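Where a number appears in this text, it was derived from the coordinates with a stated rule and is not lab data. Just so it is clear, the structure is predicted and the values come from calculations on it, not from any experiment. Neighbour counts are summed over all protein chains in view; Cβ atoms, including those assigned to glycine, are modelled from backbone coordinates with ideal geometry.
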Amino acid sequence: MKIKLSLGLVLLTGIVLTYSGCKKSNNNPSGPALTPKQVGSQIALNLTQTLYSGFGAFSLGDGLNAPDNLGVVHTKNGLKVNSAGDPLCGLTVDTTLNYSVSENGTSASVKGTLGFKFTCSNGVISGFNVFDDLAVTESTSEFSGSFKVNENLTLLSLDPSNDNSNLSLNGTFGFDGSYKYKSGAATQTFNYTLTSILLDANGQILSGNATFSTKGSGTPGVWDFSGTIKFLGNGNATITISGTAYNVNLQTGVVS
């Protein structure tokens, strides 16, 4: 099979944070207590941002057909994995990153480790494990933030001989950030454990389960919750917090 793998970390100018939609002209540093329903919406957005925007080490939305060669290179927008060598069975790459960029009043940096390992079944590449521990900073005239991203995820083909096979995803990932903007400041933490997530060949989630914990404080609000996620397919999930289930659109964060 071919594994369509985009192991890339891109430093974006003007990162859109999960709680940006909650910012008000409210200068109370403590903020309001957010409800489980509000937090469920933001969990959905954080999941999508981390797994599909490329904010972490790779994006499921890029699908699963890997480049023939891999290696870390600098681009004007940040860091991406590019040509370096054939992805042989059992190949492991563990890279230390230390990169910064400054342009048009915006500065950003990323430091930490990024690695991946290919796995095989009967001599055919069947999947990979990606692991990273990254510290990201960004500063503009309107915003400054520092973030930590960590991932340890394993993606496997259910049928390595079939390029269109469904895939399974298991592992953990987390996001921890603090930021300041003109009307306030906040901190936020999200941690997830994924179990038997089923994806189609394009990386779209069909089913599976996860547990999460999240907390935060600052101008957007205060919260501290844990719970479960049941993925329903078609971009939807049921998020359960404190015994109450909320149906959430993972793309928009709309709760029904």
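Numbers at a glance
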item: By average C-beta atoms within 10 angstrom, highest first, the peptides 242-252, 168-178; result: 168-178, 242-252
item: Gyration tensor verdict on the stretch 127-170 (Cα atoms; rounded if a/c is under 1.5, prolate if a/b is larger than b/c, oblate otherwise); result: prolate
item: Those GluC sites (Glu not before Pro) in the stretch 134-219 that DSSP places in a loop and that have at most 13 other beta carbons within 10 Å; result: Glu142
item: Full-stretch length increase - Ser183, Cys89 - with 0.36 nm per residue and alpha-carbon distance subtracted; result: 28.7 nm
item: Backbone N within the stretch 237-256 under 20 Å of label point (7 Å from Thr228 Cα along the Cβ vector); result: 237-250, 256
item: Nitroxide proxy distance, nm - points 7 Å out along Cα→Cβ at Asn162 and Thr195; result: 2.6 nm
